[in-house]
Amino acid sequence: MTARIIDGKSFAEGLRGRIAGHVERMKTEHGITPGLAVVIVGHDPGSQVYVAQKARQTVEVGMHSEKYELPETASEAEVLALVEKLNADPAIHGILVQLPVPPQIDAKKIIETISPDKDVDCFTPASVGKLVIGLPGPVSCTPLGCLMLLRDTLGDLAGLHAVVVGRSNLVGKPIAQLLLRENCTVTMAHSRTKDLPDIVRQADIVIAAVGRPEMIRGDWIKPGATVIDVGINRIDAPERGEGKTRLLGDVAYAEAAEVAGAITPVPGGVGPMTIACLLANTITTASLINGLVPPSDLTA
Ligand code: NDP
């Protein structure tokens, strides 16, 4: 068997197109321009690239974009004051503080200060609570992207056995919650799980969110299963030239693609969905803040 490749790059492109349509309708029908503020503290090069991409895509879909760059030496009080100001700003519907932040700043305190109404990363305890009990609100971006790709690939997910490898607050736990909401039977695995290959072999859906290059092998995959590889692992690639690197997922792609029914590549699978889902969440929060029903095609 050779798996169908789940093309997250082109799905994300289509999603951004739909988001642009929703933005246009919110402007013309309700006089609302969804606004996203991104805050970055310090000069981490990876974060700089990521924040620039977010700001560019926000503008491309027609949203209002604000970017705040604070110096590496910024105090916690300064960041908290900026978040409070954005909480109160009616032009802003989503606030994202790029992590990690420098050590003098308590990331937990910053996150807890973001208004849950504007928490487009779905990091605050209130947003996580809504996700768990199924109330409307933003949904963690990467998990929402995985869910959209799964629905597009499989349609109805009810009754399927999903094995989620990894239990982080960022990826594993929210994905498991979303799959439960879809009526999957969900097994969560982690570093203390025994007989992991045998558990993965039972899965109709495998979600790999571990952070270990190619840990999940082809012979762990049930024939025909759908494999969503969230892992992004940068490894040295001297064959490409001195100092060059390449990205690998958590799944041994070439092996797994021989057995799976469908699989996301790395790069080009889940990765491109994350920013698109951040924009989707900004439409959701802008809708809810204004008493509108969020578009059903943008949320869980
Ligand atoms: P974390 O390090 O926070 O969590 C990793 C999880 O994997 C933990 O629950 C850990 O278990 C589990 N784990 C570690 N080793 C093993 C093992 N040998 N067997 C089984 N489980 C194991 O990572 P994240 O969830 O933040 O990220 C996971 C991956 O996804 C990373 O590669 C990251 O770069 C990528 N990522 C990609 C995104 C995207 O946009 N595509 C977005 C976010 C992350 P335990 O809890 O027991 O320690």
| query | Over 19 Å between Cα atoms, which of K67/K173; K54/K108; K54/K130; K85/K109; K85/K118 qualify? | reply | K67/K173; K54/K108; K54/K130
| remark: Listing H93, H161, H30 by rising number of other beta-carbon atoms within 10 angstrom, fewest first, gives H30, H161, H93
| query | What residues from region 260-298 fall in the zone where the backbone N is under 16 Å from a label point 7 Å along the Cα-to-C-beta line of K244? | reply | 267
| query | If pairing requires two Cys Cβ atoms under 4.7 Å apart, which cysteines of the chain are left without a partner? | reply | C122, C146, C184
| field | Those aspartates and glutamates that a straight Cα-Cα span of less than 13 Å connects to K222, excepting residues fewer than 8 apart in one chain | value | D198, D204, E255, E258
| query | Quick one: K67, K85, fewest Cβ neighbours within 10 Å first, how do they rank? | reply | K85, K67
| note | In cubic angstrom per residue, the convex hull of the chain built on its Cα atoms measures 136
| query | Can you list the trypsin sites (Lys or Arg not before Pro) in region 97-194 that are in a DSSP coil and have 12 or fewer other beta carbons within 10 angstrom? | reply | R192, K194
| Considering only the chain, what is the antiparallel percent among its DSSP beta bridges, to the nearest 5? | 10
| request: Mark the label point 7 Å from the Cα of K27 along Cα→Cβ and return the residues of region 44-70 whose backbone N is within less than 20 Å of it. | output: 54-67
| query | When a footprinting reagent is the concern and you count Cβ atoms within 10 Å, what order do E214, E239, E13 take, fewest first? | reply | E239, E13, E214
| field | Mean separation of Cα contacts under 8 Å (6+ apart) over length of the chain, as relative contact order % | value | 22
| note | Karplus ³J(HN,Hα) for region 215-222 (6.51 cos²θ - 1.76 cosθ + 1.60, θ = phi - 60°; Hz, whole; x = Gly/Pro) runs 5, 8, 8, x, 7, 8, 9, 6
| query | Given 0.36 nm per residue, what is the gain on full extension from S168 to E66 after removing their alpha carbon distance, in nm? | reply | 33.8 nm
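Values in this text are rule-based calculations from the coordinates and carry no lab data. Owing to the predicted nature of the structure, the values given are computational and were not obtained by experimental measurement. Neighbour counts are summed over all protein chains in view; Cβ atoms, including those assigned to glycine, are modelled from backbone coordinates with ideal geometry.
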